[in-house]
Ligand code: AMP
Ligand code: ZN
């Protein structure tokens, strides 16, 4: 097995060679915590969680460090804090917004089966590192102070733009940079800026007298440096981060530490789209993770986190995904069927089968693994125990099955719809069991038919001890 990853920097799939196999290091840009995350934001979290699992499998769980930051200083956070808590001092309001949003983010991605990263640094806890990087950049002639701002001098770096692979003109147009009076060159970007009254502020670097706050790109350079060092293996995020965010992170880190690279491999997931457009807050075409997991609106559908996760993995991470309810319904059906079969075996070894590993190691080919799940399921149904074990272990490895029953997946979220409640269904089943025990078949059938008109299908079978048992599912 050889792990191969597509590198945005070289535009090629390459064999992955960690700088130190005893300490494989990955950094992924995390959320800006001001509002609920939408399902598009979940894509990098899930994709890099699968990569984290794969790296742990290959190099050993203790030999992989995964850092995903929390951006807790940002204009959007300030605006949200002032809006939601107008009576609190701004800094207190900001703390409330960031703490609550962070908690919700964790609840959301836990439900999507994502492992917690090794470290989740907060930007505001890395101000000294940011100041240190700025001082290094000023000393090296890569940054300058102007009107209480510190700017990165793009012209001081000879190969600026090599990640985005764009000319300066294209970058200028793409970034819609404002030509602020404190910039020597329109492309120069902010490393540090003065804080407005009431905003979070820290003593400034570069001999600036007034207090200020960091630019967004600088935060990631500082946190990656602190937790992974000057150079590391993998840097990830969504494709929209390539420019300017990652280009600028790379510029800051390389120029501060005098290296020609920051991360060896840069990886970017494609967009999750709705009707061909990127899902985003600003377009308003978004649905939050929380809504998908726990909609309480009458008639709306909830989905088990495993269904959302599997739906995401059915597309290769670099391709766009079109997000539709029909697709989720298909995924739910398939996953419930697979679990039904996989739960019937207890594999002695709980390792990812080699065949699945080989496919996954080819640049995280999750749709390839999903095709294998279909094949394992087919063979398992015709009595192949090894195929059932492979199905079991591959589902577990992908994190799309954590011991739920098939019904847990298929029936998840029923209480959000106009279907009868679980309690109601159970009482129908009890009444029917009583009728059957009394050999009153007409009554038993009547109850079954009545439930069917309410959208619930009963299935008679036997439990593990051979006793009659009735299960139910939603007719879809
Ligand atoms: P943001 O909160 O916009 O900084 O996004 C957080 C992460 O989610 C970044 O890695 C983005 O690239 C990613 N992201 C945002 N929207 C989408 C989307 N529609 N599809 C895939 N990834 C996205
Ligand atoms: Zn970042």
| message | Regarding segment 254-273, can at least one residue be identified that is assigned to a helix (DSSP H, G or I) and within 14 Å of ligand 1 (Cβ to nearest atom)? | response | no
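Out of 422, 446, 432, 436, which single residue is under 16 Å from residue 474 (Cβ atoms), without any contact (Cβ under 8 Å) to a residue 40 or more places away in the chain and surrounded by 12 or more Cβ atoms within 10 Å (Cβ to Cβ)?
422
Can you confirm whether residue 442 is closer than 15 Å to residue 340 by Cβ and either more than 31 Å from the chain's Cα centre (by Cα) or in a loop (DSSP other than H, G, I, E, B) (or both)?
Judged against the criteria, residue 442 is not a match.
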With criteria (1) touching a strand residue (DSSP E or B) at 6+ places or on another chain (Cβ under 6 Å); (2) surrounded by fewer than 17 Cβ atoms within 10 Å (Cβ to Cβ), residue 323 comes up short on (2)
Test result for residue 71, touching a helix residue (DSSP H, G or I) at 6+ places or on another chain (Cβ under 6 Å) and surrounded by 17 or more Cβ atoms within 10 Å (Cβ to Cβ):
yes
Scanning segment 270-280 for residues that are over 16 Å from the mean Cα position of the chain (by Cα) and farther than 15 Å from residue 312 by Cα, the one nearest to ligand 2 (Cβ to nearest atom) turns out to be 277
Quiz item: Could you say whether any residue in segment 20-36 is within 16 Å of ligand 1 (Cβ to nearest atom), closer than 28 Å to residue 322 by Cβ and out of contact with any strand residue (DSSP E or B) (no Cβ under 7 Å at 6 or more places or on another chain)?
Solution: yes
Flagged in segment 39-57 as surrounded by fewer than 21 Cβ atoms within 10 Å (Cβ to Cβ) and touching a strand residue (DSSP E or B) at 6+ places or on another chain (Cβ under 9 Å), in numbering order, are 56
Within segment 230-251, residues farther than 19 Å from residue 172 by Cβ and away from ligand 1 (no atom under 16 Å from the Cβ) come out as 230, 231, 232, 233
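None of the figures in this text is laboratory data; all of them are computed from the coordinates on show. Keep in mind it's a predicted model, so treat the numbers as computed, not measured. Note that each Cβ is placed from the backbone with ideal geometry, even for glycine, and that neighbours are counted across all protein chains shown.
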